[in-house]
Amino acid sequence: MLGSGAVAHDFARSLELLPDHELIAVSSRSLERANRAREDLGAKRAYANYRALCEDPDVDAIYVATPAALHCEHVDLALSARKPVLCEKPFTVNSEEARKLVQKARTERVFCMEAMWMRFVPAIRELKAEVASGSIGEVRLLSAELGELVPYDPAGRHFAPALGGGSLLDLGVYALSLAWFILGRPIKGHAFSTPAPTGVDSQMIISLTYPNGALASLTCSFEQRLRNMAFVAGTLGSIATDSPLYSPNRLTLIRHTPGSFSPEAGKRGKLHTFLSGHPKVVQLRREYAPLLRRIIRGDRKTKRLSYPGYGYQFEAAEVARCVGQNLLESPVMMLGESLEIMTAIDALRTSGEFDWSAGAGDDLANR
Ligand SMILES: NC(=O)c1ccc[n+]([C@@H]2O[C@H](COP(=O)([O-])OP(=O)(O)OC[C@H]3O[C@@H](n4cnc5c(N)ncnc54)[C@H](OP(=O)(O)O)[C@@H]3O)[C@@H](O)[C@H]2O)c1
């Protein structure tokens with residue numbers, strides 16, 4: 001464990017749920033903190049500097065859990081020691097750093113993955129599988145929002161520019177990663193944001209468009225607790241996650257009538273508009289609302305996908321699986337995707353938009 005902060009502790013406790021994982025060593029910039037973490041978490045060793053951890057021959061993989069602005073330096077340290085790395089989200093604070101790490105991991109042929117744990121929790125894996133099975137048809141719209149009320153502290157990692165602050169890097173990255181997971185690479189993106197006094201974004205709204213006309217609408221905020229859910233709407237139905245979208249316990253699937261954009265549906269739509277505007281129909285609908293709701297609910301299914309602990313165990317198991325099979329990247333969270341997402345984040349944070357309709361032209365991301 002490289003870093004001994006809040007998420008490192010939660011991650012270490014998640015490892016306790018995996019019988020074939022062992023927390024060998026913790027590291028901190030301070031020996032006192034390292035020793036405290038070792039005792040709290042039952043690690044074998046404590047190091048007062050990160051390099052010593054990377055050089056420990058008994059350590060098979062390193063989990064980087066320092067503030068985002070230090071990920072590049074610390075992942076580089078681990079890769080230089082030829083240790084497989086799982087690096088907390090966001091992968092880096094800009095695409096230049098992400099490119100450097102992707103190049104290094106590929107040149108050194110060492111496993112590396114962004115710790116986008118959301119992609120590995122059961123409900124999000126199920127969401128991906130449902131979409132891939134075609135059960136909701138072609139995805140036309142995805143919306144996701146994630147917001148927490150984060151007390152303003154100009155020196156803390158959420159608001160300090162030097163530590164990689166901003167709601168997009170901290171929370172929006174989940175929404176972007178979900179959009180990429182479900183819809184792939186967008187062709188255009190546009191964002192509006194509100195700056196915090198330190199200059200980093202305290203909230204942001206992002207729109208993405210896709211080659212087939214699908215859209216994504218994403219929101220992140222440090223100013224308000226939002227609904228923290230995702231909704232994926234397709235031509236045959238929709239899927240909603242419960243909250244929080246990075247580790248939901250439940251999916252709600254709703255199937256609706258196919259072909260609602262066909263000419264026949266257009267005619268049916270006109271009839272529907274005419275009938276639903278008729279006072280008698282409106283009254284009947286109100287009277288029979290409970291029955292109608294029961295009929296509609298017949299097409300509604302709830303899938304419960306709860307799990308023990310925090311949920312970081314799934315990404316850890318993926319690292320073990322990949323390293324065990326000599327894979328250099330996880331097919332679920334490829335390095336090229338982390339780089340693409342960082343490239344989009346750069347553009348959304350600086351100019352507020354990107355246009356990749358003529359191709360992103362990113363050789364590394366395409367590999
Ligand atoms: N996956 C998730 O659910 C999740 C949740 C929260 C955060 N995160 C990510 O995890 C990372 C760490 O977040 P956190 O909430 O655990 O932060 P945190 O509690 O502030 O811990 C960060 C750790 O980084 C180390 N560090 C090294 N250099 C530092 C510096 N210059 N300033 C501050 N800390 C420094 C510190 O460890 P030592 O002092 O012991 O060296 C500190 O304990 C961030 O990238 C964040 O985005 C992920």
Discussion item. Can you say whether S4 is under 19 Å from G164 (Cβ atoms), open to solvent by less than 40 Å² (accessible area, probe 1.4 Å) and more than 21 Å from the chain's Cα centre (by Cα), as far as the supplied structure shows?
Written reply: yes
Worksheet item: Which is of a type in the set (G, A, S) and free of Cβ contacts under 8 Å to residues at least 60 places away in the same chain, of A6, A78?
Response: A6
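Okay, residues lined up against (1) open to solvent by less than 60 Å² (accessible area, probe 1.4 Å); (2) more than 16 Å from the ligand (Cβ to nearest atom); (3) over 15 Å from I341 (Cα atoms):
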{"residue": "I182", "(1), (2), (3)": "yes, yes, no"}
{"residue": "I187", "(1), (2), (3)": "yes, yes, no"}
{"residue": "S193", "(1), (2), (3)": "no, yes, yes"}
{"residue": "I206", "(1), (2), (3)": "yes, yes, no"}
{"residue": "G213", "(1), (2), (3)": "yes, yes, yes"}
{"residue": "Q224", "(1), (2), (3)": "no, yes, yes"}
{"residue": "R227", "(1), (2), (3)": "no, yes, yes"}
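Have a look at E108, E97, E88, E148 and point out the one that is outside the structural domain of T302 (by TED's automatic domain parsing), surrounded by fewer than 23 Cβ atoms within 10 Å (Cβ to Cβ) and within 16 Å of the ligand (Cβ to nearest atom).
Working: E108 fails: within 16 Å of the ligand (Cβ to nearest atom); E88 fails: surrounded by fewer than 23 Cβ atoms within 10 Å (Cβ to Cβ); E148 fails: outside the structural domain of T302 (by TED's automatic domain parsing).
Sole residue among the options that is outside the structural domain of T302 (by TED's automatic domain parsing), surrounded by fewer than 23 Cβ atoms within 10 Å (Cβ to Cβ) and within 16 Å of the ligand (Cβ to nearest atom): E97.
Could you check the stretch 34-49 and list, in sequence order, the residues that are open to solvent by less than 30 Å² (accessible area, probe 1.4 Å) and either near the ligand (Cβ under 10 Å from one of its atoms) or outside any helix (DSSP H, G or I) (or both)?
Restricting attention to the stretch 34-49, the residues satisfying the condition of being open to solvent by less than 30 Å² (accessible area, probe 1.4 Å) are 34, 37, 41, 43, 46.
The answer is A34, A37, A43, A46.
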Worksheet entry | Meets criteria (out of contact with any Pro (no Cβ under 8 Å at 6 or more places or on another chain) and closer than 23 Å to K100 by Cα) for L18 | no
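Would you tally the residues in the stretch 58-84 being within 11 Å of the ligand (Cβ to nearest atom) and in contact with a helix residue (DSSP H, G or I) (Cβ under 7 Å, 6 or more places away or on another chain)? Spell out how you get there, then give the answer.
Filtering the stretch 58-84 down to residues within 11 Å of the ligand (Cβ to nearest atom) leaves 63-71, 73-74.
Within this subset, residues satisfying the condition of being in contact with a helix residue (DSSP H, G or I) (Cβ under 7 Å, 6 or more places away or on another chain) are 63-69, 74.
Qualifying residue count, the stretch 58-84: 8.
Per-residue answers, yes or no, for (1) among the basic types (K, R); (2) exposed (fewer than 15 other Cβ atoms within 10 Å of the Cβ):
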| residue | (1), (2) |
| --- | --- |
| H21 | no, no |
| I24 | no, no |
| E32 | no, yes |
| K83 | yes, no |
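Determine, yes or no, whether L208 is in a loop (DSSP other than H, G, I, E, B) and of a type outside the set (V, I, T). Steps first, please.
Working: in a loop (DSSP other than H, G, I, E, B): no; of a type outside the set (V, I, T): yes.
Considered against the rule, which asks whether it is in a loop (DSSP other than H, G, I, E, B) and of a type outside the set (V, I, T), L208 comes out as no.
Any residue at all in the stretch 61-83 that is among the β-branched types (V, I, T) and within 18 Å of A320 (Cβ to Cβ)? Quick ask: steps written out before the conclusion?
Start the filter on the stretch 61-83 by keeping residues that are among the β-branched types (V, I, T), which leaves 62, 64, 66, 75.
From what is left, the residues that are within 18 Å of A320 (Cβ to Cβ) are 62, 64.
Yes, the conditions are met somewhere in the stretch 61-83.
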Discussion item. Here is a check on your reading of the model: is A46 over 23 Å from E108 (Cα atoms) and either of a type in the set (G, A, S) or in contact with a Pro (Cβ under 7 Å, 6 or more places away or on another chain) (or both)?
Written reply: yes
Practice prompt. Check off (1) closer than 26 Å to G237 by Cβ; (2) free of Cβ contacts under 8 Å to residues at least 60 places away in the same chain for L178 and give me the number that stays unchecked.
Written response: (2)
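For the stretch 345-362, give me each residue that is among the aliphatic types (A, V, I, L, M) and in contact with a Lys or Arg (Cβ under 9 Å, 6 or more places away or on another chain). Spell out the reasoning first.
Of all residues in the stretch 345-362, those among the aliphatic types (A, V, I, L, M) come to 345, 347-348, 358, 360.
Result: A360, single match.
The values are calculated or read from the model by the stated rules, or taken from the named source; none is laboratory data. Only a predicted model underlies this, so the values are computations on that prediction, with no experimental measurement involved. FYI the Cβ positions are ideal-geometry reconstructions off the backbone, even for glycines, and counts take in every protein chain you see. Ligands, DNA and RNA are excluded from the accessible area calculation, which covers all protein heavy atoms including side chains. Shrake-Rupley method; radii C 1.70, N 1.55, O 1.52, S 1.80 Å.
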